[in-house]
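A.B. asks: To start, I am sharing the structure in question, which I have written as structure tokens.
The values are calculated or read from the model by the stated rules, or taken from the named source; none is laboratory data. In this text, all values refer to a predicted model and were calculated from it rather than measured experimentally. Because the Cβ atoms are built from the backbone with ideal geometry, glycine has one as well, and the counts that use them run over all protein chains shown.
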Amino acid sequence: MLKHKAVETPPDFDTRFRQNFADLLRWRRDVRHFLTDPIDEHIFQKVMALTNYAPSVGNSQPWRFVRVNDPARRERVIDNFKQVNSAALSDYKGDRAALYAKLKLAGLQEAPVHLAVFSDEGTEQGHKLGRKTMPEMLRYSVVTAVHTLWLAARAYDLGVGWVSILDPEEISAILDVPEEWRLVAYLCIGYPAKKEMTPELELKGWEHRHPENCEVLLR
């Protein structure tokens, strides 16, 4: 005989919760300046558990996490960042190049936790629902996991920095992951050395947030 699941009462997301949530979104930052203090492992595991609530196409949960603890592997990642960053600098000229050269674009040296996030392109979970016409939905799903982790980390007073100035294939080789995994994000995680609501790239004059980018077109 089938048992009926007890009816769950949805929470009351009141005005105070909505304000706190808005504050969480505003105070989530891409952190580059970290304290070297270790993260409480219990807190780290809580953040990772919350990350698993992220939405995913077909409930496929394609995110795969690799915590990079080995000093030798970390050094190879840092070396790759330096090489790729140098190449990126050569794409800019004049004042923009000078400004780029001054930016701190990663906290790889200081952050106590390095976390590589991959999309498992070969996963059978979800039975490929929603992927026939848009196979990239697997990687989009991983991005939602990264964003969920970012918010959860901030709620526990942790900062996250997303390092995209890396060679994905080289990082996959350094970390020796399965062939069907594709790098989506390399994250630095730790306690922020400073807490600011305004993005650092805006403070340094690289780019400003444009509210009009959220305008909705009508068709």
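A.B. asks: Would you mention how many residues in segment 155-198 are under 18 Å from Val142 (Cα atoms), in contact (Cβ under 8 Å) with a residue 60 or more places away in the chain and small (Gly, Ala, Ser)?
C.D. replies: Number satisfying all stated conditions: 2.
A.B. asks: Would you list the helices (runs of 4 or more DSSP H) that sit entirely within segment 1-99 and hold 1 or more residues that are within 20 Å of Val184 (Cβ to Cβ)?
C.D. replies: Helices (runs of 4 or more DSSP H) meeting the threshold: 41-51, 71-89.
A.B. asks: Could you tell me which of the residues Ala111, Ala87, Ala106 is more than 19 Å from the chain's Cα centre (by Cα) and more than 22 Å from Tyr53 (Cβ to Cβ)?
C.D. replies: Checking each option against the conditions leaves just Ala87.
A.B. asks: Looking at Gln45 and the list (1) of a type outside the set (Ser, Thr, Tyr); (2) buried (at least 16 other Cβ atoms within 10 Å of the Cβ); (3) modelled with pLDDT of 95 or more; (4) out of contact with any strand residue (DSSP E or B) (no Cβ under 6 Å at 6 or more places or on another chain), which single condition is not satisfied?
C.D. replies: That leaves (2) as the condition not met.
A.B. asks: Go through segment 101-156 and count every residue that is part of a helix (DSSP H, G or I) and among the polar types (S, T, N, Q).
C.D. replies: Counting residues in segment 101-156 that are part of a helix (DSSP H, G or I) and among the polar types (S, T, N, Q) gives 3.
A.B. asks: Given the conditions (1) of a type outside the set (Val, Ile, Thr); (2) buried (at least 19 other Cβ atoms within 10 Å of the Cβ); (3) in contact with a strand residue (DSSP E or B) (Cβ under 6 Å, 6 or more places away or on another chain), report the number of the one that Ala152 does not fulfil.
C.D. replies: That leaves (3) as the condition not met.
A.B. asks: Answer with yes or no whether Ala49 is hydrophobic (A, V, I, L, M, F, W, C) and under 20 Å from the mean Cα position of the chain (by Cα).
C.D. replies: yes
A.B. asks: Take the residues in segment 165-215 that are in a loop (DSSP other than H, G, I, E, B) and among the aliphatic types (A, V, I, L, M), then tell me which one is surrounded by the most Cβ atoms within 10 Å (Cβ to Cβ).
C.D. replies: Leu166
A.B. asks: Let me ask another. I want to confirm something. Restricting to segment 124-162 and keeping residues that are touching a Lys or Arg at 6+ places or on another chain (Cβ under 9 Å) and among the β-branched types (Val, Ile, Thr), which single residue is farthest from Tyr186 (Cα to Cα)?
C.D. replies: Of everything passing the filter in segment 124-162, Val142 is farthest from Tyr186 (Cα to Cα).
A.B. asks: Looking only at segment 9-40, how many residues end up being β-branched (Val, Ile, Thr), over 24 Å from Glu200 (Cβ atoms) and surrounded by 10 or more Cβ atoms within 10 Å (Cβ to Cβ)?
C.D. replies: Count: 0.
A.B. asks: Within segment 41-67, how many residues turn out to be touching a helix residue (DSSP H, G or I) at 6+ places or on another chain (Cβ under 6 Å) and under 12 Å from Val113 (Cβ atoms)?
C.D. replies: So the count comes out to 2.
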